[in-house]
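Note sheet for the following structure.
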Amino acid sequence: MKKIVRKIHAKDVLMILLGTTLLTIALEYVLDPSGLVTGGVSGLSIVIKSLGAKAGVDIPLWVSNVLLNVPIFIFAWKTDGLAGILRTFLSWVIMSVELVVLPEIPIPHDNLFLVSLYGGVLFGAGTGILLSVHATSGGTDMLANAIIHHAAKRQLDRSKTNRTTKMFRQISYGTLIAVLDGIVVVVGALVFPLEHTLYALISIYIMGKITDLIVDRGKQAKMVMIISDKYEEIAKAVMTELDRGVTSLHATGMYLNTDRKVLLCICSRRELVEIKDIVKEHDRRAFFTIGSVNEVLGEGFVETWS
């Protein structure tokens with residue numbers, strides 16, 4: 001147990017605390033008061049609270065969050081082991097405590113568009129921070145991962161392989177999460193007005209974008225590929241004038257069946273303009289392509305891997 005705990009550094013604990021707190025604020029002060037069901041256990045907790053209120057029973061969010069996640073954690077524990085769920089378990093405990101101790105603050109939620117916007121930003125930021133330290137808040141993310149791992153283990157044992165196992169092995173992680181969250185959103189549509197569901201979809205879209213932005217927060221760049229007979233002159237100019245590395249790739253032109261050299265260079269947006277000028281100066285007939293790179297790790301960009 002001590003060996004497992006030591007794998008979580010103090011920085012990771014602080015990031016888990018920050019990410020979970022953002023999720024809790026979004027759930028407690030934005031999504032729940034406005035009735036926006038955005039999927040997952042959090043969304044299902046909002047539905048349960050609303051149904052309880054209609055029946056005259058007060059069911060706090062933390063109660064549903066605990067009760068719904070307990071069987072998921074037990075299933076994930078058997079599938080992934082303690083080390084695989086420890087960070088998520090820490091986030092789940094923090095969220096459950098925060099849902100109890102955070103004071104009630106009346107926040108206006110008449111403008112559903114603003115509510116969906118800020119709720120999506122907060123929830124997406126919290127999710128992105130947790131994913132960046134290999135954690136989640138539990139719920140459908142962990143359930144989907146556990147189902148896929150369980151199906152993989154069963155497939156290794158041919159005696160336990162069946163049609164259901166093969167079906168889950170063919171479903172991607174993202175697709176399974178979307179299906180599970182979609183079921184919760186549909187349930188929410190049966191409880192809350194259709195307008196709230198439509199705004200919840202906007203919030204879900206924003207959550208995804210913000211999450212991707214944080215998870216893929218490495219330095220973005222441009223990728224340049226150059227095909228030219230003057231490849232040596234071009235490569236030398238880029239390396240000396242811009243101090244930017246260039247890689248030469250061997251290629252074959254299929255039309256004439258001739259061997260060619262293709263230059264590959266990862267550069268910044270500013271350097272892209274200068275590389276264009278260099279290519280133009282040496283060979284105006286060069287074949288020049290530009291692509292976008294979402295993240296670059298290595299010398300000259302993000303040199304410290306986190």
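Taken together, the values in this text are just the output of simple stated rules run on the coordinates, not laboratory data. Predicted, not measured: the structure shown is a model, and the values here were computed from it. Cβ coordinates were reconstructed from backbone atoms using ideal geometry, including for glycine residues, and neighbour counts include every protein chain displayed.
Taken about its Cα centre, segment 221-293 carries a charge dipole of roughly 240 debye when the Cβ of each Lys and Arg holds +1 and the Cβ of each Asp and Glu holds -1. Peptides 110-118, 34-42, 269-277, ordered by how many other C-beta atoms sit within 10 Å of their residues on average, highest first, read 34-42, 110-118, 269-277. Per-residue packing, averaged as other Cβ atoms within 10 Å, sorts the ranges 56-67, 133-144 into the order 133-144, 56-67, beginning with the highest. Between His250 and Ile290, the C-beta separation translates, for a Förster distance of 25 Å, into a calculated FRET efficiency of about 0.70.
In this structure, the amide hydrogen of Ala135, modeled 1.01 Å from its nitrogen in the peptide plane, lies closer than 5 angstrom to no residue at least 5 positions away or on a different chain.
Each residue of segment 128-143 is assigned a 3J(HN,Hα), and the resulting list reads x, 5, 5, 5, 5, 10, 6, 9, 9, 8, x, x, 5, 4, 5, 5 Hz, derived from the Karplus form 6.51 cos²θ - 1.76 cosθ + 1.60 (θ = phi - 60°), x at Gly and Pro.
As a quick test, which of the pairs Lys11/Lys209; Lys78/Lys209; Lys209/Lys276; Lys230/Lys280; Lys236/Lys280; Lys11/Lys222 have an alpha carbon distance above 21 angstrom in this structure? The pairs that break the limit, which is 21 Å between Cα atoms, are Lys11/Lys209; Lys78/Lys209; Lys209/Lys276; Lys11/Lys222. Derived scalar couplings between HN and Hα for segment 229-242 equal 6, 9, 4, 5, 5, 5, 4, 5, 5, 5, 5, 7, 7, 10 Hz in order, rounded to whole Hz, by the Karplus curve 6.51 cos²θ - 1.76 cosθ + 1.60 (θ = phi - 60°), x for Gly and Pro.
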